[in-house]
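Here the structure is laid out as structure tokens; the discussion comes afterwards.
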Amino acid sequence: MDDIVKQALAKWPNVPSCYGWLGLDARGQWYMRDDRVQAAGPFAGGTPASRGSVLRHEKLLEFIDRNYEADAHGQWFFQNGPQRVYVELEATPLIWRVNADFSIAAHTGRAARMQRCVLDEQGHLYLEADLGFGLVHTLDMGLAADAVEQGLWVPQEMAAHELPGRFGYVCSPAARQKSG
């Protein structure tokens, strides 16, 4: 976490959290979701109108990536100064990029060590790593397939609906907050 964020937290410790305003898609892109977009439906499984606007400002994206983490309940958030901005997930909290040597890095740019490989009933490939759980980016499936074929990664089959509970993440903190 950035030092300036830590200072803001110390100065204003009781700022209310924000829900529904930020989304992460299955390709690791961040989306801004204003009130109108949120009213159009959920981020995951919604319509194009309920997704919001893709964030493209490089410095803002770097700031979000550096200050992105999970709380004790498996809800992922971006610490924006003193305010937690909880993230709506299309798929998983991390999107993995695979390098030619089969090392991995999260969509945030942080390198990780893979611990387990999971395959769901739709053929989506996920990795559990020291940083958390995530989906392999679609552009890297060729490299991931090579790792599987070489026996470096051995996928365990698991139903997609079981993944959040099994790996401890919440896809919609906004829905969880509303339900109490």
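Each reported figure results from applying straightforward, stated rules to the coordinates on display, with no laboratory input. Please read these numbers as outputs of a predicted model, since none were measured by experiment. So basically every Cβ, Gly included, is an ideal-geometry build from the backbone, and we count neighbours across all protein chains shown.
Mind checking whether some residue in the range 58-71 is part of a helix (DSSP H, G or I) and among the basic types (Lys, Arg)?
Yes, there is a match, as at least one residue in the range 58-71 is part of a helix (DSSP H, G or I) and among the basic types (Lys, Arg).
Scan the range 71-112 for residues that are in contact with an Asp or Glu (Cβ under 9 Å, 6 or more places away or on another chain), of a type outside the set (Phe, Trp, Tyr) and within 19 Å of Arg166 (Cα to Cα) and jot them down.
Leu89, Glu90, Ala91, Ile95
Has the range 54-74 got at least one residue that is at positive phi and over 13 Å from the mean Cα position of the chain (by Cα)?
Looking for residues that are at positive phi and over 13 Å from the mean Cα position of the chain (by Cα), one finds none in the range 54-74, hence no.
How many residues are in a strand (DSSP E or B) and closer than 17 Å to Thr138 by Cβ if we restrict to the range 88-98?
Of the residues in the range 88-98, 6 are in a strand (DSSP E or B) and closer than 17 Å to Thr138 by Cβ.
Scan the range 67-83 residue by residue and report those that are surrounded by fewer than 22 Cβ atoms within 10 Å (Cβ to Cβ) and touching a residue at least 12 places away in the same chain (Cβ under 8 Å).
Selection gives Asn67, Glu69, Ala70, Asp71, His73, Gly74, Phe77, Gln79, Asn80, Gly81, Pro82, Gln83.
Can you tell me which residue within the range 30-44, out of those that are in contact (Cβ under 8 Å) with a residue 12 or more places away in the chain and part of a loop (DSSP other than H, G, I, E, B), is nearest to Phe78 (Cα to Cα)?
Once the filter is applied, the top-ranked residue is Arg33.
Here is a check on your reading of the model: is Arg27 of a type in the set (D, E, K, R), farther than 21 Å from Phe167 by Cβ and touching a residue at least 12 places away in the same chain (Cβ under 8 Å)?
Answer is no for this residue.
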